Structure formats: C-alpha cells, structure tokens
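S.K.: Can you keep this structure in mind? I'll have questions shortly.
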Amino acid sequence: MKDSLHTIIYSAVMGTVCALLLTGAATITKPYKESNARAEKNRSILGVLNADFPAEASAQELEEIFKANVQTEKRGDLEFYLYCPAEAQGQVKTVAVEFAGPGLWAPIKGFLALNPQMDKIVGIVFHEQEETPGLGGDIATKEFCDRFIDKTLVDASGKPGIIITTKALSATNEVAGISGATMTSDKVQAMLNIVIEKIVKERKGNG
C-alpha cells in the first residue's frame with residue numbers, strides 16, 4: 001500500500017514537472033514560431049507578386065521589404081496585396097489574394113497573383129499542402145504553378161472561374177491538370193473559383 005502511494009505521488013510530481021516544462025518551452029518558442037510564420041507568408045506573397053528580394057533574406061529583412069513595397073487593401077471579405085515598388089511611382093504592378101480550402105488529406109492554402117486589371121493570372125503559389133507526394137503534392141511544383149500564368153479569370157462568355165483539366169486545352173481559362181490527381185485538382189479548382197468569383201464581382205463593382 002505504501003509503495004503504491006509513493007508511486008502515485010512520484011507519477012503526479014513527474015507529470016506536473018513535465019507539463020510545466022512543456023508549457024514553458026511552448027511559451028519561449030511561441031514568438032519565434034510566429035516570426036517564422038510571418039516570414040514564410042511574406043516570402044510567399046513577395047514571390048507570387050514577382051517582387052525583387054534576396055533569396056537568403058532574413059525574417060526581419062522580408063518584413064522590411066514587404067512594408068516598403070506591398071500595400072494591403074480590404075475589399076469585402078477579401079484582402080488584396082498590392083505590389084507598388086518605389087520605381088513604379090505609385091502604380092500597382094501586380095495584385096495577390098489568398099485562397100484556402102480542404103484538400104484530399106489536409107487544408108490547402110496559397111496566394112493567387114493577378115495583373116493590375118485583375119482579369120488575368122500572373123502567378124500562383126501553394127504555401128501549405130499535404131497532398132500525396134508525386135501525385136496531388138505536385139500542385140506545389142513550379143511546373144504546375146507555371147501552367148496558370150496568363151490564364152483569364154473568365155471564359156469566353158464572361159463566366160468566372162478556371163477549369164483544371166487533363167483534356168486538351170480549348171479555352172483561355174483552362175489549366176492542364178496533374179495526371180492521376182483528379183481529386184486534388186478538383187478541390188484546388190473549387191477553392192480558387194470561390195475567390196475568383198469574388199474578385200470578378202469586386203472588379204465589376206468598381207468598374
């Protein structure tokens with residue numbers, strides 16, 4: 001009985017100590033995690049906007065470059081990132097908007113970049129995805145992302161949305177999909193089209 005009591009007390013003390021150590025570690029590392037998350041977000045936005053920045057830029061440098069070259073603007077429930085470098089003299093060169101949605105295995109998040117008129121895609125990046133490597137995971141590759149460049153946000157009839165297909169391309173809003181990753185492609189198409197519809201609606205409202 002006495003040994004059992006000692007075991008219970010020992011387990012309780014060790015459990016408390018471990019919990020305190022984990023809590024302390026989480027508290028100490030939280031600012032660094034948040035800083036790294038901001039840095040990755042800034043890197044993704046600057047990259048998709050085709051901004052000029054050093055590949056080895058630190059988190060602080062990325063923050064400074066972002067603040068000096070990118071303006072944020074809220075329109076409806078969308079936040080737009082406007083790339084306005086000093087040499088552009090106030091002119092917007094590219095615009096980015098975030099998109100997100102459920103993937104096959106986990107959430108997918110990224111940024112879609114557009115021309116100043118917001119009617120054509122100039123870039124896309126997927127900064128968070130856990131799709132199947134070699135199949136759906138290929139959405140994050142440069143080869144796949146480059147397929148979106150110069151695609152329009154509407155079809156010939158003016159209907160907003162892009163179509164990711166493995167068939168022969170026949171329209172300016174069609175993107176070549178990834179063979180064997182139909183489900184991931186469908187989910188990416190759906191989340192992008194939710195954002196695209198909002199962009200087209202916003203553009204028409206300001207037109």
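S.K.: Which of (1) assigned to a helix (DSSP H, G or I); (2) surrounded by fewer than 18 Cβ atoms within 10 Å (Cβ to Cβ) does residue 196 not meet, given it meets every other one?
M.R.: Of everything listed in (1) assigned to a helix (DSSP H, G or I); (2) surrounded by fewer than 18 Cβ atoms within 10 Å (Cβ to Cβ), residue 196 misses just condition (2).
S.K.: OK, next. Quick one: which residue in 188, 154 is surrounded by 15 or more Cβ atoms within 10 Å (Cβ to Cβ) and out of contact with any Pro (no Cβ under 8 Å at 6 or more places or on another chain)? Step through it out loud before you land on a result.
M.R.: Working: 154 fails: out of contact with any Pro (no Cβ under 8 Å at 6 or more places or on another chain).
Checking each option against the conditions leaves just 188.
S.K.: Taking the stated definitions as given, is residue 58 of a type in the set (S, T, N, Q), within 20 Å of the chain's Cα centre (by Cα) and either farther than 20 Å from residue 127 by Cβ or at pLDDT 90 or above (or both)? Spell out how you get there, then give the answer.
M.R.: Working: of a type in the set (S, T, N, Q): yes; within 20 Å of the chain's Cα centre (by Cα): yes; either farther than 20 Å from residue 127 by Cβ or at pLDDT 90 or above (or both): yes.
It is true that residue 58 is of a type in the set (S, T, N, Q), within 20 Å of the chain's Cα centre (by Cα) and either farther than 20 Å from residue 127 by Cβ or at pLDDT 90 or above (or both).
S.K.: Go through (1) free of Cβ contacts under 8 Å to residues at least 60 places away in the same chain; (2) surrounded by 15 or more Cβ atoms within 10 Å (Cβ to Cβ); (3) of a type in the set (Val, Ile, Thr) and name the single condition residue 141 misses.
M.R.: Evaluating residue 141 over (1) free of Cβ contacts under 8 Å to residues at least 60 places away in the same chain; (2) surrounded by 15 or more Cβ atoms within 10 Å (Cβ to Cβ); (3) of a type in the set (Val, Ile, Thr) leaves (2) as the failure.
S.K.: What number of residues within segment 99-145 satisfy the criterion of being basic (Lys, Arg) and either assigned to a helix (DSSP H, G or I) or under 16 Å from the mean Cα position of the chain (by Cα) (or both)? Please lay out each step first, then the result.
M.R.: We begin by selecting, within segment 99-145, every residue basic (Lys, Arg); these are 109, 120, 142.
Applying the additional criterion that residues be either assigned to a helix (DSSP H, G or I) or under 16 Å from the mean Cα position of the chain (by Cα) (or both) yields 109, 142.
Selection size over segment 99-145: 2.
S.K.: When you look at residue 172, is it touching a helix residue (DSSP H, G or I) at 6+ places or on another chain (Cβ under 8 Å) and polar (S, T, N, Q), yes or no? Can you show your working first?
M.R.: Values: touching a helix residue (DSSP H, G or I) at 6+ places or on another chain (Cβ under 8 Å): no; polar (S, T, N, Q): yes.
It is false that residue 172 is touching a helix residue (DSSP H, G or I) at 6+ places or on another chain (Cβ under 8 Å) and polar (S, T, N, Q).
S.K.: Could you please find all residues in segment 151-193 being in contact (Cβ under 8 Å) with a residue 40 or more places away in the chain, in a loop (DSSP other than H, G, I, E, B) and more than 22 Å from residue 141 (Cβ to Cβ)?
M.R.: Answer for segment 151-193, where residues must be in contact (Cβ under 8 Å) with a residue 40 or more places away in the chain, in a loop (DSSP other than H, G, I, E, B) and more than 22 Å from residue 141 (Cβ to Cβ): just 153.
S.K.: What are the pairs, 6+ residues apart or on separate chains, where a residue within segment 59-74 that is among the acidic types (Asp, Glu) has its Cβ under 8 Å from a residue that is loosely packed, with under 15 Cβ neighbours inside 10 Å and not in a helix (DSSP H, G or I)?
M.R.: 61/54; 73/79
The values are calculated or read from the model by the stated rules, or taken from the named source; none is laboratory data. It should be emphasised that the depicted structure is a prediction, and the values quoted were computed from it without experimental measurement. FYI the Cβ positions are ideal-geometry reconstructions off the backbone, even for glycines, and counts take in every protein chain you see.
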